[in-house]
Amino acid sequence: MRSRYGDRHSKRKQNIVLNSLIGIVLAVILVLVANIVFTGNDSQQAASEEQQTAQTSTDEKSNKSSDDSVTSDEADSKDSESNDSDSDSSADQDSSKDESTDKEKEKEQNDKEKEDKEDKEDQDKEEADQKPGEPNLEGPWEPVGTVQSGPHKSSYTKGTDDWNEKIKAAESVMGLSEDQMTIWRIGGNGGPQKSFARVSKAGSGNQVYYIELEWVDGEGWKPVSVKPE
């Protein structure tokens, strides 16, 4: 009886130990499997995260490149607009400058025409105020014009252009034509471009006038003073 009981008891102990070992082995296996499974999931998750990070970085680079491209296009557009604006501004300035120059020229022309008109009116008035046959003792006088060209040389030879123009200057003072005057003398007056004429109204006993003349290049002889003798 004791031997059987002991055998049974010993066998039971062996079964318990064996079952315990089996349980331990199973537990270790389960732990290993769990580690493998969790490690694989972590690796997958890490790979997924790395892939996602790489994709995000790529997207950001793409977006940045796109933004840079847009910014560059905007800058080019602004530069183009600025150049167009500068060109338009320059064209406007040139146009405004041309208009201003044309207006200035037109104003100068109008002023000159007005001045010429006033001078002509003054001259006409002086001629109207001067009675025929009476000398203009007050002036002012204008050059009588000339047909001569080149360097001027005074001439005292009757019939030459210079002589005739001296007579014309005396006529403008006296208000008489040459055949209505007595030409007493025409001579030099202290310089090659200065002269004088002593004239009177034709007929004996009339007043003699001493007329000083001065040459104006391109415009002829000009009376500068008149004195009765």
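Pairs over the 29 Å Cα-Cα cut-off, from the set Lys105/Lys166; Lys107/Lys168; Lys158/Lys194: Lys105/Lys166; Lys107/Lys168. Between amide H atoms placed 1.01 Å from N, distances below 5 Å from Thr182 occur with Ser200, Lys201, Ala202, all of them 5 or more places distant or on a separate chain. Restricting the trypsin sites (Lys or Arg not before Pro) of segment 149-186 to loop positions (DSSP other than H, G, I, E, B) with no more than 14 neighbouring Cβ atoms within 10 Å leaves Lys153, Lys158. Couplings for segment 177-188, taken from phi via the Karplus curve 6.51 cos²θ - 1.76 cosθ + 1.60 with θ = phi - 60°, read 7, 4, 6, 9, 10, 9, 8, 7, 6, 10, x, x Hz in order; Gly and Pro are left as x. Thinking of segment 129-207 as a set of Cα atoms, what percent of all their pairs are more than 16 Å apart? For segment 129-207, the fraction of Cα-Cα distances above 16 Å is 53 percent. Computed from backbone phi with θ = phi - 60° and the Karplus coefficients 6.51, -1.76 and 1.60, the 3J(HN,Hα) list for segment 159-174 is x, 6, 4, 5, 4, 4, 6, 5, 4, 4, 5, 5, 4, 5, 7, 7 Hz; x is used for glycine and proline. Summarising the amide proton neighbourhood of Ser225: residues at separation of 5 or more, or on other chains, whose placed amide H is nearer than 5 Å comprise Glu212.
Backbone amide hydrogens, once placed in the peptide plane, bring His152 within less than 5 Å of nothing, excluding anything fewer than 5 places away on its chain.
Computed from the coordinates by the stated procedures, all read-outs in this text should not be read as laboratory data. Worth saying up front: this structure is predicted, and the values here are computed from it rather than measured. Please note: Cβ atoms are built from the backbone with ideal geometry, for glycine as well, and neighbour counts cover all protein chains shown.
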